[in-house]
Amino acid sequence: MAKIATVLTNMFEDSEYTEPAKAFKDAGHEVVTIEKEAGNVVKGMKKDTPVTVDKGIDDVKPDDFDALFIPGGFSPDQLRADDRFVKFVKAFMDADKPVFAICHGPQLLITAKALEGRDATGFKSIRVDMEYAGTKFHDKEVVVCQNQLVTSRQPEDIPAFNREALKLLEA
């Protein structure tokens, strides 16, 4: 079973973390939350989903994990201002490890300069940013690129996002 690095901070979209994380755990995968420091409690945009962070970014290496999960909301925009998270995310893309990004999650991939030439989707407000980053943008509920990258647009797409992410983890 896979060990999935999950990068998030305050103001993540609650359902875009909780529903995929539950699907991954229910399938037997390990979900490890990563923020600036282990033990921090981060909260979703609705403030009803506190998450106690498992690991600090300085305490992990991409080699420790099999896959990466980037929930949406305002979290990815905040994390991309920190070079440690950008390098961490880029390492997964460069190593062709599975990466799952939903809604605003691709913002972190844009900053990592990891979307050029890739097929992907994201929330409609970041479409132009993704296109400027060289992404072949598709307005679809889920896009799987090169058997590595799974992206979706919004909470309504979570069932398709989970289905394709789990398929990739089984491969």
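The values are calculated or read from the model by the stated rules, or taken from the named source; none is laboratory data. Computed from a predicted structure; not experimentally measured. A quick note on method: Cβ atoms are made from the backbone with ideal geometry, for glycine too, and the neighbour counts reach across all protein chains shown. Only protein heavy atoms, including side chains, enter the accessible area calculation; ligands, DNA and RNA are left aside. Shrake-Rupley method; radii C 1.70, N 1.55, O 1.52, S 1.80 Å.
What to note about this one:
- Counting protein heavy atoms only, the chain has 46 percent of its accessible area on carbon and sulfur, 1.4 angstrom probe.
- Stretch in the chain that is longest and holds no GluC sites (Glu not before Pro) that DSSP places in a loop and that have at most 14 other beta carbons within 10 Å: 38-115
- Subtracting the Cα-Cα distance of ALA95 and ASP58 from 0.36 nm times their residue separation leaves 11.4 nm of extension gain.
- Accessible surface, per residue, of the chain when the full set of protein chains is kept, probe 1.4 Å, Å²: 46 Å²
- Top of ALA81, ALA120, ALA91 by mean-square fluctuation, Gaussian network on the chain, Cα under 10 Å: ALA81
- Near the amide H of ALA67, within less than 5 Å, lie the amide hydrogens of LYS3, ALA5, all on another chain or at least 5 residues away, with H placed in the peptide plane.
- Mean Cα-pair separation over length for the chain, i.e. relative contact order, pairs under 8 Å, 6 or more apart, %: 20 percent
- Hull volume in cubic angstrom per residue (convex hull over the Cα atoms of the chain): 94 Å³
- Loop exposure criterion: trypsin sites (Lys or Arg not before Pro), DSSP state outside H, G, I, E and B, at most 16 other Cβ atoms within 10 Å. Applied to the chain, the longest stretch between such sites is 48-112.
- Our Cα-only numbers for region 79-149 put the radius of gyration and Dmax at 11.0, 31 Å.
- Straightening the chain between ASN40 and ALA171 buys 43.8 nm, computed as 0.36 nm per residue apart minus the Cα-Cα spacing.
- Phi-based couplings in Hz for region 55-61 (Karplus 6.51, -1.76, 1.60; Gly and Pro marked x): 9, x, 4, 6, 9, 10, 10
- Hydrophobic, long helices, defined as DSSP H runs whose alpha-carbon span along the helix axis is 15 Å or greater and whose mean Kyte-Doolittle value is at least -1.0, occur in the chain at 83-94, 158-170.
- For the listed residue pairs LYS43/LYS113; LYS43/LYS136; LYS22/LYS97; LYS113/LYS140; LYS36/LYS140; LYS43/LYS87, the alpha carbons are over 30 angstrom apart in LYS43/LYS136; LYS36/LYS140.
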